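Contents: one structure, followed by commentary.
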Amino acid sequence: MIRSMSLLLVFCLAAIAAPASAVDIKQVVSPGGVKAWLVEEPSIPLIALSYEFEAGAATDPDGKEGLAYLVSGLLNEGAGDLDSLAFQKRLEERAIHMGFDAGRDQFSGSLKTLSEERDEAFRLLGLALSQPRFDEDAIERVREQVLSIQRRESDRPRTVASRAWMAHAFEGHPYARNTKGTAESVAAITRDDLVAYAGTHLTRDRLIVGVVGDITPEELAPLLDVAFGSLPDTSPAVAIAETAISDVNPVEVIDRAVPQSVAIFGLPGIRRDDPDWFAALVMNQILGQGGFSSRLMEEVRRKRGLTYGVYTYLLPMQHAGIILGSVATVNARMGESKSVIEMVVNQMATEGVTEKELMDAKTYLTGSYALNFDSSDAIAGQLVGIQRYDLGIDYIDARNSLVEAITLDDVNRVAARLLSTDALFWVIVGQPEGLEETALDMTPEAVAP
Amino acid sequence: MSAAAAQAVPSSLFNAQEFTLDNGLKLVVVEDRRAPIVTHMAWYKVGAIDEFAGKTGLAHFLEHLMFKGTEAIPAGEFSKTISRNGGRDNAFTSWDFTAYYQLVAADRLELVMTMEADRMGGLVIAEDEVAAERDVVIEERRTRVENSPAALFREQVRAAQYLAHPYRLPIIGWMHDIEGLTRDDALAFYRTYYAPNNAVVVVVGDVDAAQVLALAEQTYGQLEPKEIPERIIAAEPPQKAPRELVMHDPRVSQPNWSRSYLAPSYLWGASEHAMPLQVLNDILGGSTTSRLYQTLVVDLGIAVDLGSWYWPSGVGPGSLGVGITPAEGKIDALPEAVDAVLADIMANGITEEELNRSKRSLTAAAVYARDSGEGLANLFGRTLIVGRTIEDIESWPERVAAVTVEDVIAAARHVFHPEQSVTGILLPEPQAAEAAQGAAE
């Protein structure tokens with residue numbers, strides 16, 4: 001049995017079949033001109049819809065931070081002639097799931113329905129998007145909920161560290177702000193602000209739609225108009241500046257009486273449209289994204305037992321790209337974790353990666369691509385992501401060859417370009433010991449929540 | 001094929017097929033051809049409730065050490081091999097079970113079954129791997145529990161909810177117990193419980209059931225069964241006194257209030273109430289249309305948000321409860337208001353409209369469940385490993401449909417007794433709370 005397995009392991013290094021060849025995308029255009037990408041999947045009687053508007057929390061006016069997020073909490077709190085309770089009951093009676101969210105660059109939503117309820121589901125979505133009621137009692141209720149979420153998050157070292165990282169790194173830019181706002185800014189938001197946001201930013205020119213499930217293009221087309229057809233065609237341009245990480249102290253410590261320090265570390269990265277995107281993806285896979293296989297997990301977790309998890313990931317925002325990482329270690333050994341991470345980053349920057357690491361990362365990235373298509377929601381999300389970055393309707397078939405094309409030189413070049421311990425910026429929440437730098441103490445109050 | 005492979009009658013909902021190998025291993029296969037991928041899970045009927053005094057966290061520690069190698073796969077290479085083959089893998093431990101899973105391209109199923117069978121029988125733990133991994137688990141406990149007052153408090157509440165049953169113990173273990181776990185502890189536990197006849201393997205995805213059975217024969221089928229000791233679990237005594245726990249922690253800025261009740265599960269106590277309790281949970285606090293939300297949040301304004309839960313799926317006693325974010329300064333008004341809502345349901349029942357709304361969403365959940373291979377593998381594994389059956393899953397729509405208003409009232413009356421409840425109140429330090437109050441005024 002053991003002998004047969006080593007044979008099998010060798011056998012399995014052969015190339016993996018093209019992944020998502022089962023995904024056949026059709027572009028559907030409604031009579032009213034609303035465009036969507038559709039993957040038909042008739043085997044289960046449900047439909048999953050994912051969509052977004054290119055206008056997120058970064059567009060929140062100064063002093064009204066949290067506006068987009070508050071809108072996202074209120075769109076299913078009553079629309080048209082249905083007040084909050086009536087609207088919610090209608091969704092439950094039909095087992096329709098409708099959700100909204102606001103990120104930095106996008107306002108997004110999802111809809112999931114049984115096929116038999118699709119007409120009502122799309123109708124209710126249309127109501128929510130184009131005729132939200134914003135009743136005063138619902139506004140106050142959801143406002144209080146947002147404030148309580150802010151308080152809960154301010155109790156979480158990890159969230160505190162992430163917020164402070166963005167606040168320092170992007171000082172002066174909308175990315176520095178909490179998408180959920182502050183207690184003061186959320187208190188300052190009026191009903192007029194909410195109405196203005198929905199009327200201004202939820203427009204058809206900024207809309208991207210992905211649909212998966214038990215529905216044909218002919219059936220979907222008119223329903224797109226029901227959901228999105230009454231939205232305004234265009235919105236005024238919002239100018240958000242391109243940005244990069246500002247000069248900051250290399251380490252900020254936020255004192256909290258917790259036994260384990262939680263660190264967020266990061267450095268300038270690249271945007272999705274950068275020609276080096278796939279080289280960076282492969283590099284980061286080897287550095288810190290590859291689960292138990294990454295260099296950071298090997299050095300920080302497996303060899304030294306310093307943490308339960310250490311990760312890095314590429315964050316390609318609309319107007320800046322960054323590489324972010326996280327680690328959590330008992331206070332007394334935080335300095336050691338930091339030193340090991342810096343050693344790993346430095347080593348990759350100066351010495352690059354090995355041919356074997358490159359091959360392993362590529363087989364993972366190509367082989368695992370299909371795993372991103374394991375449910376209707378997930379596929380709908382992929383359809384939106386591909387459109388967001390304008391990657392083309394044939395991207396799913398082309399994507400793995402783009403990974404395959406990456407060479408050792410590509411990865412080493414991008415590692416040298418991006419990775420540098422001088423550029424690393426750390427925010428550590430806790431009472432860390434053993435940091436080489438003299439830490440500048442900051443009280444929690446001094447940091448944007 | 002030597003297996004006495006009894007095939008279950010495929011039903012219309014999930015079309016799950018069940019086989020039992022000669023060595024006692026149970027195999028469940030759900031064919032789902034939508035994408036060329038497969039979820040493979042190995043479930044063991046051993047978890048935190050099988051640990052012994054002073055060794056809490058042992059089942060979970062062993063789960064970590066299961067990645068430390070066999071003769072064929074060196075320490076750390078298990079996940080790397082999966083990853084090199086384009087797959088993802090991980091594991092988790094609960095009170096009743098421990099489970100390992102891989103998501104891979106369908107043509108990699110043979111590899112993962114071979115590797116999982118290999119470590120079912122041939123785990124080797126090098127002594128020099130153990131100390132660092134114990135540190136990893138200690139850091140995991142700090143991440144999940146010690147750094148979070150809410151998680152620390154949940155641990156205390158749980159220990160108060162169950163007086164004797166080992167559900168009172170944290171799966172990850174108490175810190176002082178984790179510090180004392182050894183390689184010998186883990187190996188003894190492994191040798192006792194990890195065997196084909198104590199396992200359920202679930203495969204969901206782009207596969208052919210007959211081929212999966214053949215692969216299972218070829219891999220898991222080669223392992224010898226073991227005599228598994230009978231589970232000896234402390235029985236829960238009658239609960240006689242309502243408990244109220246108050247914890248102050250300076251790290252808390254958002255107070256929280258919870259109430260939980262000991263409740264039947266599908267396998268413990270008056271299990272006929274379990275299905276109606278799922279409906280009751282929806283009606284009580286499952287959404288914004290629920291009784292508690294409409295009363296406490298909308299009408300009275302004494303809560304900001306809330307949610308209820310019911311845990312029916314363990315081998316032992318379940319629990320049903322509600323967690324509430326109080327409105328500022330209103331936490332003292334919550335007990336009376338919650339009690340009034342519960343009393344009203346017990347006295348006056350629920351409406352047909354409420355019943356039907358819940359039943360509709362519970363029925364639809366079965367359709368939505370079919371959409372995720374990983375979710376399905378989880379559902380089948382979780383159900384079968386505790387001794388329930390495929391029929392229990394497949395009959396879900398009929399069981400939901402059969403629930404009546406009277407069933408829900410009877411279930412509520414069975415559960416809502418103060419003496420089997422725990423009220424948990426999580427607050428900032430008293431002086432911090434007063435300071436905050438002062439600042440607000």
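Points to keep in mind about this one:
- Within region B:202-252, the set of residues being under 30 Å from B:Ser372 (Cα atoms) and not in a helix (DSSP H, G or I) comprises B:Val202, B:Val203, B:Val204, B:Gly205, B:Asp206, B:Val207, B:Asp208, B:Thr219.
- Here B:Ile37 meets each of (1) of a type in the set (Val, Ile, Thr); (2) surrounded by 24 or more Cβ atoms within 10 Å (Cβ to Cβ); (3) more than 10 Å from chain A (Cβ to nearest Cβ) with one exception, condition (3).
- The set of residues in region A:397-440 that are polar (S, T, N, Q) and part of a loop (DSSP other than H, G, I, E, B) comprises A:Thr407, A:Ser420, A:Thr421, A:Gln431, A:Thr438.
- Taken together, A:Val253, A:Val248, A:Val226 contain a single residue that is surrounded by 18 or more Cβ atoms within 10 Å (Cβ to Cβ) and either touching a Gly at 6+ places or on another chain (Cβ under 6 Å) or in a loop (DSSP other than H, G, I, E, B) (or both), which is A:Val226.
- Among residues of region A:81-100, those that are within 21 Å of A:Glu140 (Cβ to Cβ) and touching a residue at least 12 places away in the same chain (Cβ under 8 Å), counted: 6
- Qualifying residues in region A:351-368 (those that are of a type outside the set (Phe, Trp, Tyr), at the interface with another protein chain (Cβ under 10 Å from one of its Cβ atoms) and farther than 11 Å from A:Thr407 by Cα) - the one surrounded by the fewest Cβ atoms within 10 Å (Cβ to Cβ): A:Lys356
- Qualifying residue in region B:256-268 (condition: assigned to a helix (DSSP H, G or I), among the polar types (S, T, N, Q) and either touching a Ser or Thr at 6+ places or on another chain (Cβ under 9 Å) or at the interface with chain A (Cβ under 10 Å from one of its Cβ atoms) (or both)): no
- Which listed residue is within 11 Å of another protein chain (Cβ to nearest Cβ) and at pLDDT below 95, from A:Ser43, A:Ser84, A:Ser115: A:Ser43
- Within the set B:Ala159, B:Ala131, the sole residue that is at the interface with chain A (Cβ under 9 Å from one of its Cβ atoms), part of a helix (DSSP H, G or I) and surrounded by fewer than 17 Cβ atoms within 10 Å (Cβ to Cβ) turns out to be B:Ala131.
- Selected residue [under 30 Å from A:Ile245 (Cα atoms) and within 14 Å of chain B (Cβ to nearest Cβ)] from A:Pro157, A:Pro174: A:Pro157
- Qualifying residue in region A:259-273 (condition: in a loop (DSSP other than H, G, I, E, B) and in contact with a Pro (Cβ under 6 Å, 6 or more places away or on another chain)): yes
- Condition met for A:Ile208 (under 30 Å from A:Leu46 (Cα atoms), of a type in the set (A, V, I, L, M, F, W, C), in contact with a Leu (Cβ under 9 Å, 6 or more places away or on another chain) and part of a loop (DSSP other than H, G, I, E, B)): no
- Single residue of region B:110-122 satisfying the filter (surrounded by 21 or more Cβ atoms within 10 Å (Cβ to Cβ) and touching a strand residue (DSSP E or B) at 6+ places or on another chain (Cβ under 6 Å)) that is farthest from B:Glu179 (Cα to Cα): B:Val112
- Region B:134-150, residues that are within 16 Å of A:Met334 (Cα to Cα), free of Cβ contacts under 8 Å to residues at least 12 places away in the same chain and either aliphatic (A, V, I, L, M) or outside any helix (DSSP H, G or I) (or both): B:Asn147
- Counted residues, region A:46-81 - those being within 14 Å of another protein chain (Cβ to nearest Cβ) and either over 27 Å from the mean Cα position of the chain (by Cα) or assigned to a loop (DSSP other than H, G, I, E, B) (or both): 4
- Among (1) more than 29 Å from B:Arg370 (Cα to Cα); (2) within 11 Å of chain A (Cβ to nearest Cβ); (3) under 19 Å from the mean Cα position of the chain (by Cα); (4) of a type outside the set (Phe, Trp, Tyr) - the single one B:Ala59 does not satisfy: (2)
- Pairs are defined by a Cβ separation below 7 Å, a sequence spacing of at least 6 or placement on different chains, a first member in region A:230-254 that is modelled with pLDDT of 85 or more, and a second member that is assigned to a loop (DSSP other than H, G, I, E, B) and among the acidic types (Asp, Glu); the pairs so defined are A:Pro250/A:Glu437; A:Val251/A:Glu437.
- Here B:Arg382 fulfils each of the conditions (1) out of contact with any strand residue (DSSP E or B) (no Cβ under 9 Å at 6 or more places or on another chain); (2) in contact (Cβ under 8 Å) with a residue 24 or more places away in the chain; (3) part of a helix (DSSP H, G or I) apart from (1).
- Residue in region B:84-95 that is facing chain A (nearest Cβ under 10 Å), buried (at least 21 other Cβ atoms within 10 Å of the Cβ) and touching a residue at least 24 places away in the same chain (Cβ under 8 Å) present: yes
- For region B:344-378, a residue qualifies if it is closer than 15 Å to B:Val201 by Cα and buried (at least 22 other Cβ atoms within 10 Å of the Cβ), and the qualifying residues are B:Gly373, B:Leu376, B:Ala377.
- Scoring B:Glu230 on the criteria (1) surrounded by fewer than 22 Cβ atoms within 10 Å (Cβ to Cβ); (2) in contact with a Leu (Cβ under 8 Å, 6 or more places away or on another chain) leaves a single failure, condition (2).
- Residues of region B:308-343 classified as surrounded by fewer than 21 Cβ atoms within 10 Å (Cβ to Cβ), of a type outside the set (Gly, Ala, Ser), within 14 Å of another protein chain (Cβ to nearest Cβ) and out of contact with any Pro (no Cβ under 7 Å at 6 or more places or on another chain), total: 2
- Residue match in region A:178-199 (condition: more than 28 Å from A:Val384 (Cα to Cα), without any contact (Cβ under 8 Å) to a residue 60 or more places away in the chain and of a type in the set (A, V, I, L, M, F, W, C)): yes
The values are calculated or read from the model by the stated rules, or taken from the named source; none is laboratory data. No experiment lies behind these values; they were computed from the predicted model shown. Positions of Cβ are generated from backbone atoms using ideal geometry, with glycine treated the same way; all protein chains shown enter the neighbour counts.
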